[in-house]
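Presented below is the structure to which this report refers.
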Amino acid sequence: MAQSTLNTSSNPQAWYKPMFSPEHGIYVVLLVSFLIGAAAPQAWKLTTTLALICAFCGFQAEHPLVMQIKQRRSLKPRFIFWGGFYAVISGAIALWLYLSYPILLWIYVGAIAALIVDAFSVVQREQKSIFNELVVFAAVCLSTPFAYAATTGTISASIMGLWALNTLYFSSTIFTVKLRKPKTSSAIPGVVYHAIASLIIFILYWFSWLSPVAALAFGLALLKFGIAVLNQEWYCSAKIQFVATLESVTAFAFLIIVALSVLPARLTTL
C-alpha cells in the first residue's frame, strides 16, 4: 500500500489530483481556534469568511511544501502545483485583508516565521520534536487573533490571551499522545509542561487577559492528561480512533466553554 501510494505521488500524470493534509487533528485545532476568535467580537463579516478561507489554504499549502522538502533531490510537479495553488489563494486573500487591516501584518509575520521553523525542522528531520510541534500549534492557533482582527481591524490583549490559552491547551495533546509511544512514554515532560502552562494561564488571568471561565477551561487539558497518566496501560492500548474521538470531543467542549466566556454579561434582545 505504501509503495503504491509513493508511485502515485511520483507519477507525473497524477499532478492534477488534489492534495489535502492528512493531519486531521490540525483541522480541529484550526476550526476551534478560528471560531473562538470569531466569537470574541460577536460578529461575522465577509472579511471573517475570507480569513477562514485564507487560514485553511495557508494550512493546506504547508503539506505539499513539507513533502517536497522531504524529497528535495527531485522536483515533484504535484507538490509544486498544489503547494503553489494553495499559497496563491492564501496569499491573495491575505494581501487583500492587509490592505483593509494593516494590523494583520503582525500575524502574517508570526505565521511565516513558524513556517520557516517548520521547514528547517523537516530538513533536520526534527519535524516531530516537541519544540517544532509547539511552534506548529502556536502558528495554527494564530487563527484566533486572525479571525478577530479580520473582523474588527484591531488586536486586543484579551484576544492574545485567548491565543495563548488555545496554544497551551492544544499543545497539551503533544504530551498526551507521546505517552502511547515506548520511547516517549515518560510522564515527566508532560507534568512539567502542564505545571508551567497552568502558571502561565494564572498569570494571564491575573492581568485580566483571560476571564475566569476561559482560564478554567484549561482544566480540560489537565483532566485529559491526568486520566491518560493514571491509566497509561489502558490509554496506550486503546485504538487510535478512540484517542482521536476523545481529543475531538474535548476540543469542542473547550470551544463551547471559551466561546461562552467571551459573551457579554447580558445579551440584548430585539
For the stretch 152-177, pairs from a residue that is free of Cβ contacts under 8 Å to residues at least 60 places away in the same chain to a residue that is open to solvent by 30 Å² or more (accessible area, probe 1.4 Å) and basic (Lys, Arg), with Cβ under 8 Å and 6 or more apart or across chains, are none
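Does Ser248 qualify as being of a type outside the set (A, V, I, L, M), buried (at least 19 other Cβ atoms within 10 Å of the Cβ) and either under 22 Å from Val28 (Cα atoms) or in the same structural domain as Val140 (by the TED database) (or both)?
Numbers: of a type outside the set (A, V, I, L, M): yes; buried (at least 19 other Cβ atoms within 10 Å of the Cβ): no; either under 22 Å from Val28 (Cα atoms) or in the same structural domain as Val140 (by the TED database) (or both): yes.
Considered against the rule, which asks whether it is of a type outside the set (A, V, I, L, M), buried (at least 19 other Cβ atoms within 10 Å of the Cβ) and either under 22 Å from Val28 (Cα atoms) or in the same structural domain as Val140 (by the TED database) (or both), Ser248 comes out as no.
Per-residue answers, yes or no, for (1) open to solvent by less than 10 Å² (accessible area, probe 1.4 Å); (2) more than 15 Å from Leu105 (Cα to Cα):
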| position | (1), (2) |
| --- | --- |
| Ala150 | yes, no |
| Thr154 | no, no |
| Ile159 | yes, yes |
| Leu165 | yes, yes |
| Ser171 | yes, yes |
| Thr176 | yes, yes |
| Lys183 | no, yes |
| Ser186 | no, yes |
Of the residues that sit in the stretch 33-82 and are free of Cβ contacts under 8 Å to residues at least 40 places away in the same chain and within 27 Å of Ile103 (Cα to Cα), which one is surrounded by the fewest Cβ atoms within 10 Å (Cβ to Cβ)? Leu46
Considering (1) of a type in the set (A, V, I, L, M); (2) assigned by the TED database to the domain that holds Ile257; (3) touching a Leu at 6+ places or on another chain (Cβ under 6 Å), say which one Leu168 fails and leave the rest. (3)
Within the stretch 139-148, track down each residue that is closer than 16 Å to Ala251 by Cβ, part of a helix (DSSP H, G or I) and hydrophobic (A, V, I, L, M, F, W, C). Val140
Thr154 meets each of (1) over 16 Å from Cys54 (Cβ atoms); (2) touching a helix residue (DSSP H, G or I) at 6+ places or on another chain (Cβ under 8 Å); (3) assigned to a helix (DSSP H, G or I) with one exception, condition (3)
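Within the stretch 188-228, track down each residue that is β-branched (Val, Ile, Thr) and either crowded, with 16+ Cβ neighbours inside 10 Å or more than 13 Å from Thr173 (Cα to Cα) (or both). Break it down stepwise before answering.
Residues of the stretch 188-228 β-branched (Val, Ile, Thr): 188, 191-192, 196, 200-201, 203, 213, 227.
Scanning the stretch 188-228 gives Ile188, Val192, Ile196, Ile200, Ile201, Ile203, Val213.
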Can Ala195 be described as part of a helix (DSSP H, G or I), within 29 Å of Cys54 (Cα to Cα) and either modelled with pLDDT of 95 or more or outside the structural domain of Val29 (by the TED database) (or both)? no
Out of the residues in the stretch 120-135 that are within 17 Å of the chain's Cα centre (by Cα) and in contact (Cβ under 8 Å) with a residue 24 or more places away in the chain, which is surrounded by the fewest Cβ atoms within 10 Å (Cβ to Cβ)? Ile130
Among the candidates Val243, Val258, Val229, residue that is in the same structural domain as Ala187 (by the TED database), under 17 Å from the mean Cα position of the chain (by Cα) and in a helix (DSSP H, G or I): Val258
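The values are calculated or read from the model by the stated rules, or taken from the named source; none is laboratory data. Computed from a prediction, not measured in an experiment: that's the story for all the values here. Every residue, glycine as well, gets a Cβ built from its backbone with ideal geometry; the counts of neighbours run over all protein chains shown. These area figures cover heavy atoms from the full protein model, side chains too; ligands, DNA and RNA do not enter into them. Shrake-Rupley method; radii C 1.70, N 1.55, O 1.52, S 1.80 Å.
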